[in-house]
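Beneath this line is the structure, given in structure tokens, with notes to follow.
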Amino acid sequence: MTLRAKINLYFSLLFILVALIIFLVNGMTNYLFGSIFLLVIGLIQTRVFLQCDVLSRITQLDRTIQQIKTTKDLSIRADVKQNDEISSLTSDFNLLIGTLEQLHEEKTQVAHFDSITHLPNRKKFYQDLEQQIQEVSISSECVGVALMDLDRFKVINETLGPAMGDQLLEQVARRLDLLLEDYGIPLYRIGGDEFIFILSKRTEKEMVEVLDQILEAFQQHFLIQGQPYSITTSIGVSIYPRDGNRIQDILKNADLAMYQVKGHGKKGYLFYTEDLQRTQNRKFQLEQELAKALEQGEFHIVYQPKVNARTETVIGMEALLRWKHNQLGYISPAEFIPIAEEIGLIVEMGKWVLRKACEQNQAWIRQGLPPLVVSVNLSTAQFHETDFVDQVVHILQNTGMNPEYLELEITESLAMRDIKQCIQILEDLKKLGIHISMDDFGTGYSSLRYLQQLPIDTLKIDKSFIDAIGTEDKKELIVTTIIAMANILKIKVIAEGVEERHQVTELLNLQCEQMQGYYFSKPLSPGDFQLFRHNRNNNLHLREYTENIV
């Protein structure tokens, strides 16, 4: 029954009651008194009705509204006890709160979960990590944070397209989520190709067990539209409170450990240590100093002789870059070259080395010394400059050096990056009369088919294979194969990193006569290299000159 029907019924009954009472008291002398009495009784009854059936229910609805406002709990609903206008209003209110609750849940889903992998996102990770840290802060337990990055995902994404990249991310997320679920560990995607998970209340040994399982999971191919693709991951781990008391520090240290893995060949995991931080601080310092090194004249070139070991004559030289910092002293190329590549200075440095090497070689030629070929190493970034060939031509013209006395060295990995473009650039250089050498041969993945296509003059056998001569049969067999293959292709071979007499003997037996290495000479300053050549012209033994070497 509606509220209006209830009121109409009530007043009809009240009218009948009033008429009945008037009839009964008709014999009363004071008719006015009887009317006032009946009016008061009616008002009291009306007040009781409104209080019990209307106002109390509205008050209860207001209490529900205040409770939702205070607790922020959108699951609370008001009671619906009857079937009238107030009940209808209460039902509409409950429907409105239900809609708000659904919208809030959808907003929370968007705010806390990734749209591609449907994993919890960065915001949810921060919340959960903070909670985990609070739980262990009063105990001696620890919380590990493992940051993962997919190796070479950018290449896959650029090659196959973003849609295929998203499919790969979905598959990675699904595989890892199922694996970690067995350990009760939630997985989060915090952006790009980075995933993260929390190793709470576990010993380092237990953490290693989980990490090993993850690396094993990446041994299996991922299928994208039916095609198998291999991908690896690099993982950095930081532990609270050992590696920091703040979330920002824990994440920074995990990120540092992860990039150390990437810098050492990828595919693995590493726990953060203070040594990593010292290495990072050193790297940061060198980054700042490297930008000023060229301007302050801290770079110089040294020259390592190339010799014919059978005739003991100097047949060429390799120009090598060295950095002597004003305060830090000599800094190894193995340390500063990767930094230069990372911060984008390697191209400028490469141009400087090429120009200085040509200037020095031309100066020796003008002095009347017998011409030698000077070899200069090329970085991948420098080689793939759009105007690289023009840069070389410009340097040769400015220095006046004949192109036939210049050799440019590339690596296998550089050549294989874009074989067609590489062949075109090398052919343009060969037309100028420049010699081409492939450095570190044997460490890359070039095939005989590609080697036949590349217009190269010389193969340089990597030092790791030379070191194995007489100790490792497999690597020695590779050296033998490389020399035989080069002879068939009419390509010269030079062994680098020769340090022992038995290596010289064995290489000569294998018909490899050109060599360079510390057995003959370390890299020399220009003045010492000139003296070294003079001594050789006077038939002094190569090993007798050992002073003032760099």
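The lysines within cross-link reach of Lys205, meaning a Cα-to-Cα straight distance under 21 Å and a gap of 8 or more places when in the same chain, are Lys267. Were the residues from His118 through Lys154 laid out at 0.36 nm apart, the gain over their Cα-Cα distance would be 10.9 nm. Across the stretch 400-444, Cα-Cα distances exceeding 18 Å account for 31% of all pairs. Loop-resident chymotrypsin sites (Phe, Trp or Tyr not before Pro) (DSSP state other than H, G, I, E or B) in the stretch 207-301 with no more than 14 further Cβ atoms inside 10 Å of their Cβ are absent. For the stretch 295-367 versus the stretch 470-501, the spacing of their alpha-carbon centroids is 26 Å. Leaving out ligands, DNA and RNA, and with a 1.4 Å probe, what % of the accessible surface on the stretch 401-488 is carbon or sulfur? Carbon and sulfur atoms account for 52 percent of the accessible area of the stretch 401-488.
Of all lysines in the structure, the ones whose alpha carbon falls short of 21 Å from that of Lys262, not counting any fewer than 8 places away in one chain, are Lys154, Lys252, Lys283. A 1.4 Å probe run over the protein chains yields, for the stretch 275-346, 50 Å² of accessible area per residue, whole-number rounding. Straight-line reach from Lys474: taking Cα to Cα under 18 Å and skipping same-chain neighbours fewer than 8 places apart, the lysines in range are Lys463. Distance between the 7 Å Cα→Cβ label points at Ile138 and Ile76: 2.9 nm. Could you work out the per residue convex hull volume over the alpha carbons of the stretch 124-248, in cubic angstrom? Cα convex hull per residue, to the nearest whole number: 103 Å³.
Based on protein heavy atoms only, the stretch 403-506 ends up with 48 Å² per residue of surface accessible to a 1.4 Å probe.
Taking the protein heavy atoms of the stretch 191-344 in the context of the full set of protein chains, the accessible area attributed to carbon and sulfur is 47 percent at 1.4 Å.
Dimensions of the stretch 274-424 along the principal axes, based on C-alpha atoms and rounded to the nearest Å, stand at 53, 38, 34, largest first.
The values are calculated or read from the model by the stated rules, or taken from the named source; none is laboratory data. Note that the structure is a prediction, hence the values are computed from the model and not measured. Every residue, glycine as well, gets a Cβ built from its backbone with ideal geometry; the counts of neighbours run over all protein chains shown. The accessibility values were calculated without ligands, DNA or RNA, using every heavy atom of the protein model including side chains. Shrake-Rupley method; radii C 1.70, N 1.55, O 1.52, S 1.80 Å.
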